[in-house]
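Shown next, in structure tokens, is the structure this report addresses.
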Amino acid sequence: MRFLPALTRAAAVGAAAILAATALTACGSDDAPSEATGNPYNLAQPGVLRAGTLSDAPPNVFLKDGKFTGFDNDLLTAVADKLGLKVEFVGTDFSALLSQVNNRKFDVGSSSITITEARKKTVDFGNGYDFGYFGLDVPAGSPITGFDQLAGKRVVVVQGTVQDDYATGQKLDPVRVPDYNSAINQLKAGTADAWIAPAEIGDKLAADSNGKITVAAKQLSPTPTAYAVAKGNDKLREALNKGLDEVIADGTWSRLQAQYYPGRPVPEDFKPGSGTVAVPSAAASASAAS
């Protein structure tokens, strides 16, 4: 049997230690290699923010001339620009969106997602960027004039939305559909008595119905809407919060509010973003942009 000299054995042990340390470094946290490769936010593709959104919910999120747009998406594009990121929008169903965000199919969810305790179990949320109202859409000529008249009625909701939660909480046994077009089509066909909708979306689709649908009532949603990210992706969440405050400060938020929700008053107690940034008026934002 041949024996290695002491010096050779020491060198071998040292080399093994270096290899072990290298292996441990390579198997370390996701953050370290992401930082090293220029991907600090753990995106599926460095430099590209892949956003899951909807195509049928104007004025919030919708498809126009082959491009995803609307208040939420335009605001996200402005936020991403502050971070030096390009946004890639992909259409999906709302019922699948949060799970797709958490399993990293999408880096972020953009679809007027109301923050709820139940949803916090699936995803993490950034700071709120919008408030909202529930709208009650009914067929033209309906005797329904308020949310307190829905007991025993056939009420339609989009599955997985906060309106679904509301209807269920009110014990209305709602009819659940996958998207907003399906909801409005039920009203047009007379197969539903009412649709509980995000008010801005309900307003737009009722206006586009050629008088077949009307808005019977509205009520303020209890919590704000925010962008959703995968659980534990704190770096992306914090970056989005920072970018949101920047587009609030530079007037982009106010300008987009005026563009997509003309005449809609902002509740006095609603503060977008971190709540620490002064919100320019829509007039001041328009003047600065011109």
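The values are calculated or read from the model by the stated rules, or taken from the named source; none is laboratory data. Everything numeric in this text was worked out from a predicted model, so none of it was measured. So basically every Cβ, Gly included, is an ideal-geometry build from the backbone, and we count neighbours across all protein chains shown. The protein model used for the area step is the full one, side chains on, heavy atoms only, and it has no ligands, DNA or RNA in it. Shrake-Rupley method; radii C 1.70, N 1.55, O 1.52, S 1.80 Å.
Laid out as a table, the results:
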quantity: Breaking point among (1) over 21 Å from the mean Cα position of the chain (by Cα); (2) modelled with pLDDT of 95 or more; (3) open to solvent by 30 Å² or more (accessible area, probe 1.4 Å); (4) within 29 Å of ASP137 (Cα to Cα), for ASP269; calculated: (2)
quantity: Test result for ASN233, crowded, with 21+ Cβ neighbours inside 10 Å, out of contact with any Pro (no Cβ under 9 Å at 6 or more places or on another chain) and at pLDDT 95 or above; calculated: yes
quantity: Filter pass, VAL138 being outside any helix (DSSP H, G or I) and either aliphatic (A, V, I, L, M) or farther than 25 Å from LYS231 by Cα (or both); calculated: yes
quantity: Unmet requirement for LEU136, which otherwise passes all of (1) open to solvent by 40 Å² or more (accessible area, probe 1.4 Å); (2) at pLDDT 95 or above; calculated: (1)
quantity: Test: residue in region 237-257 that is buried (at least 17 other Cβ atoms within 10 Å of the Cβ), assigned to a strand (DSSP E or B), in contact with a Ser or Thr (Cβ under 9 Å, 6 or more places away or on another chain) and modelled with pLDDT of 95 or more; calculated: no
